[in-house]
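Report on the structure given below.
The values are calculated or read from the model by the stated rules, or taken from the named source; none is laboratory data. Just so it is clear, the model here is predicted, and its values are computed rather than measured. When we count neighbours, we look across all protein chains shown, and the Cβ atoms used for this are built from the backbone with ideal geometry, even at glycine.
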Amino acid sequence: MSETIERPVLTPPSGEKKVLLHSCCAPCSGEVMEAMLASGVDYTIFFYNPNIHPKREYLLRKDENVRFAEKHGVPFIDADYDRDNWFARAKGMEHEPERGIRCTMCFDMRFERTALYAHEHGFPVMTSSLGISRWKNMAQINESGKRAVAPYEGLSYWDYNWRKGGGSARMIEISKREEFYQQEYCGCVYSLRDTNEHRIATGRDRIVLGQNYYGKETTSE
């Protein structure tokens, strides 16, 4: 359980204790959530990820995050799934590579909405679980976060490195313990397309949504 893990005491910017956590999924946010709980940080989850497609995949990821938040008694804000706006902003970037300008746009869009909610509801600090994944460019994520809070006086972006001190390993441990849904691509349809193309080129089957869970043997359909 989380209370047996030795972690450093976390201190949000300016010593604030109230944080809005943008969560992308349960596996990435599990360690971030338990780390903040262990340090007595009062936080709320903000789930705004219109990039996740198709809708079935979006609901799988969201429902896992809701389940874990309820387990820990953490408030969960379910934001709009405005996929049409995401596709409009991604127009012309359909064939950009992972970690490229399409990803920057995606981070900007999600963080802009998170920062607005933080500003309107009295959160002095916002952060995100996105950076804990080794597949992401942490500098790219942090730059988007800092841009998002810039228009709002008194709002800070907490660019803590959630990977350090064993954070990445604990992320996997928690995912296995909780048997979280194990997504196999970043989230958007273009990531799904590119991942499937790579899998086929290397002799692997296409992704099957809703199939794999951490800590469970993979089943076939």
* So Lys71, is it more than 18 Å from Leu130 (Cβ to Cβ), of a type outside the set (S, T, N, Q) and touching a strand residue (DSSP E or B) at 6+ places or on another chain (Cβ under 7 Å) -> no
* To do: Scan segment 194-214 and report the pairs whose first residue is surrounded by 12 or more Cβ atoms within 10 Å (Cβ to Cβ) and whose second residue is among the basic types (Lys, Arg), with Cβ atoms within less than 6 Å and a gap of 6+ or a chain change.
  => Asn196/Arg206; Leu209/Arg56; Tyr214/Lys176
* Select, from Arg61, Arg7, Arg56, the only residue that is charged (D, E, K, R), closer than 20 Å to Lys176 by Cβ and at pLDDT 95 or above. => Arg61
* Would it be correct to say that Pro27 is out of contact with any Cys (no Cβ under 8 Å at 6 or more places or on another chain), under 23 Å from Lys164 (Cα atoms) and either surrounded by fewer than 20 Cβ atoms within 10 Å (Cβ to Cβ) or of a type in the set (Asp, Glu) (or both)? -> no
* To do: Please work out if Arg89 is more than 19 Å from Ser128 (Cα to Cα) and in contact with a His (Cβ under 8 Å, 6 or more places away or on another chain).
  => no
* Structure fact -> In segment 173-188, anything without any contact (Cβ under 8 Å) to a residue 60 or more places away in the chain, in contact with a Phe, Trp or Tyr (Cβ under 8 Å, 6 or more places away or on another chain) and part of a helix (DSSP H, G or I) is listed as Lys176
* To do: List every residue pair whose Cβ atoms sit under 7 Å apart, with the two residues 6 or more apart in sequence or on different chains, where the first one lies in segment 110-123 and is within 15 Å of Asp80 (Cα to Cα) and in contact (Cβ under 8 Å) with a residue 40 or more places away in the chain and the second, anywhere, is of a type outside the set (A, V, I, L, M) and part of a loop (DSSP other than H, G, I, E, B).
  => Arg110/Tyr48; Arg110/Asn49; Arg113/Tyr48; Thr114/Tyr48; Ala115/Tyr152
* Asked: Does at least one position in segment 104-118 carry a residue that is of a type in the set (Val, Ile, Thr), modelled with pLDDT under 95, in a helix (DSSP H, G or I) and within 25 Å of Arg7 (Cβ to Cβ)?
  -> no
* **Search result, residues across segment 48-75 that are surrounded by fewer than 24 Cβ atoms within 10 Å (Cβ to Cβ), hydrophobic (A, V, I, L, M, F, W, C) and not in a helix (DSSP H, G or I)** => Val74
* Can you name the residue in segment 119-144 that is in a loop (DSSP other than H, G, I, E, B) and of a type in the set (D, E, K, R) and is also surrounded by the fewest Cβ atoms within 10 Å (Cβ to Cβ) among such residues? -> Arg134
